[in-house]
Amino acid sequence: MDLKTMIPELMTALPLTLAITFVAMVAGFCLALITTTLRVVHIPVLSSLAALYVSYARSVPVVLQLFVTFYGLPLLVAIFGMADFFTPNVAAMLGLSFYHGGYLSEVMRPAYLAVDRGQHDAADSLGYTFRQKMMGVVGPQAVHIALPGYGNALIYLAHNVALVMYIGAADVMATAHLIMQRAYNQYQFETYLVLAVIYSIMCLIIWVIVRYFERRSPMYVPAVGPAKRVAMPSL
Amino acid sequence: MFEADILLEDIREILSAVPFTLFMALVTFVFSTIIGSLFALAEYRNIPILREFIFAYKVAFKGIPLVIVIFLGYYGLPPTIQFLASLIGINFNGHHTPNWVLLVIGVTACIAAFQAEVIKGALNSFDNGQADAARSLGYTNGQLFRRVMFPQVVIAAIPDLTNSIMVIMKALSLGFAIEVVDIFAQSQLTAALNFYYLEAFVIAVVIYMIIAFLVTTAADRLERSLRVWT
């Protein structure tokens, strides 16, 4: 096993891995915002649909979600005649976005609910509109409470990107498998150790970034400690 | 798409994998809770060297994706077992260890890091004033733990422990990578045999959601019934 050739080869797959992570991060965030809004503001049918979506994203293994997206969505878009659009990479992005959105909305909703009721009432009594209330009063506090959970969600997302290999996306894991096969499967343990190091560094970077924002966020919030919630992974 | 006879056949085949999945989840849950509790107690008592070891363990197992932990276990454990057995003079071929045992060990190692956090959170929720009160009434440490602390800590931990059962169920689905047949792997096999992929996966989704619903409901009931007498 030669680290000097292996690591550059693994790095060639890193842009795709990061792209999948980034798309899922952004799209998942938007999905989570919509879902959380639907669940907080009670609209008869839509909020129960949102609840169903959240329980799907949280109680079904991510591999299975990826497979459902990979086999299910082509049938859906075939109605519009765009089935060619569905490469494994796109399916991976969409599947992980669905997963991340559902998981994240369970971080956002408790954070929103944890903001003191009196703050809502005070903003309402001052005649703030809903948008003003969200941007100026409730939002910053909810962000502060949600940040630790958001950091965990991002780390689990990065972990789960390791699974997109199984629906045929050519990410770091898939490249590692190619390398292993080329070496006649002699150095599997060592190759996985290298992968473990790469993923650990990725998670460390995410953790440092989130930590920076966690340190900064209290300056908008007077004396409200972050809600201590136990983090459990979602796989 | 979605013909009734294929759905029925798929449901029967995929359901047949449920008992084994639940069994593996139970074993993983028991062992990871025991290891996690030991970790949490060591942290609670602030034992010098153990504390640093546990911190390193948590950082390592939270940073590495579970698939990679499972693969590392799959390729690394059999030689290790063989080596350890040879140290105590037993000639044991580690490569004969069943795959599901390796899967359970890998998942247990990973989940234990999170269980430690769950138990630590529950321990932290315990009000120290009650410990002082019990001591002033002359309770010994053992009595304090058994009569005052344990019942409250267990109830505080129930929601997170339920969550972790579901996490374990989902984590076991990665066993298909090392040829362990659980609900997800069985749905893949069924699909590969009759080429109705989406149908088999949708059935697996429904089964997972039903199990999650049942587990949460049961845990809620248990928590409510226990809260009455504390």
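Compute the semi-axes of the equivalent ellipsoid of segment B:50-137, taking the square root of 5 times each eigenvalue of the Cα gyration tensor, and list them largest first in whole Å.
Equivalent-ellipsoid dimensions as semi-axes: 37, 17, 11 Å.
Once phi is turned into ³J(HN,Hα) by the Karplus curve 6.51 cos²θ - 1.76 cosθ + 1.60 with θ = phi - 60°, what whole-Hz value does each residue of segment A:52-68 show in order, with x for glycine and proline?
Each residue of segment A:52-68 in turn: 5, 4, 5, 5, 5, 5, 9, 9, 10, x, 5, 4, 5, 4, 4, 5, 4 Hz.
Treating cross-link reach as a plain straight distance, find the lysines whose alpha-carbon is under 28 Å from the alpha-carbon of B:LYS120, omitting any fewer than eight places away in the same chain.
Output for B:LYS120: A:LYS228, B:LYS58, B:LYS62, B:LYS170.
Over the Cα atoms of segment B:183-230, how large are the radius of gyration and the largest Cα-Cα distance (Dmax), in Å?
Radius of gyration, then largest Cα-Cα span, for segment B:183-230: 16.9, 55 Å.
Viscosity 0.692 mPa s, temperature 37 °C: give me the Stokes-Einstein translational D for segment B:73-227 in µm²/s, with Rh taken as the Kirkwood radius over C-alpha pairs.
Estimated via Stokes-Einstein, D reaches 171 µm²/s.
Just need the Rg to Rh number for segment A:12-151, please, alpha carbons only, Kirkwood Rh.
Answer for segment A:12-151: 1.06.
Just the projected area, averaged over all directions, of the convex hull on the alpha carbon atoms of segment B:104-187: how many nm²?
Average projection, Cα convex hull of segment B:104-187: 6.5 nm².
Could you work out how far helix B:66-87 tilts from the main Cα principal axis of chain B, as a 0 to 90 degree angle to the nearest 10?
Roughly 70 degrees between the two axes.
Expressed as a whole percent, how much of the Cα-Cα distance distribution for chain A exceeds 23 Å?
57 percent
Tell me, what is the FRET efficiency for B:LEU226 and B:PHE53 to the nearest 0.05, using R0 = 30 angstrom and their Cβ-Cβ distance as r?
0.35
B:PHE126 versus A:ALA170, label points 7 Å from Cα toward the beta carbon: distance in nm?
Modelled inter-label distance: 5.6 nm.
Report the dimensions of segment B:1-154 along its three principal axes from the alpha-carbon atoms, largest first, rounded to Å.
Answer, in whole Å and largest first: 67, 51, 30 Å.
Quick check: at a probe of 1.4 Å, how many percent of the accessible area of the protein assembly as shown sits on carbon and sulfur atoms?
69 percent
How much of the pair distance distribution for the protein assembly as shown lies past 32 Å, counting alpha-carbon pairs only, in percent?
So the portion of pairs separated by more than 32 Å is 45 percent.
Please report how far the C-alpha centroid of segment B:146-172 lies from that of segment A:167-191, rounded to the nearest whole angstrom.
Result: 37 Å between the Cα centres.
Applying the Karplus parametrisation 6.51 cos²θ - 1.76 cosθ + 1.60 with θ = phi - 60° to the phi angles of segment B:139-145, what ³J(HN,Hα) value in whole Hz is obtained for each residue in order, glycine and proline being reported as x?
So the J values, rounded to whole Hz, are 5, 7, 4, x, 4, 4, 5.
The values are calculated or read from the model by the stated rules, or taken from the named source; none is laboratory data. From a predicted model like this one, the values you see are computed outputs, not experimental measurements. Reconstructed Cβ throughout: ideal geometry from the backbone, glycine too, with neighbour counts over all protein chains shown. These accessible areas exclude ligands, DNA and RNA; they are computed on the full protein's heavy atoms, side chains included. Shrake-Rupley method; radii C 1.70, N 1.55, O 1.52, S 1.80 Å.
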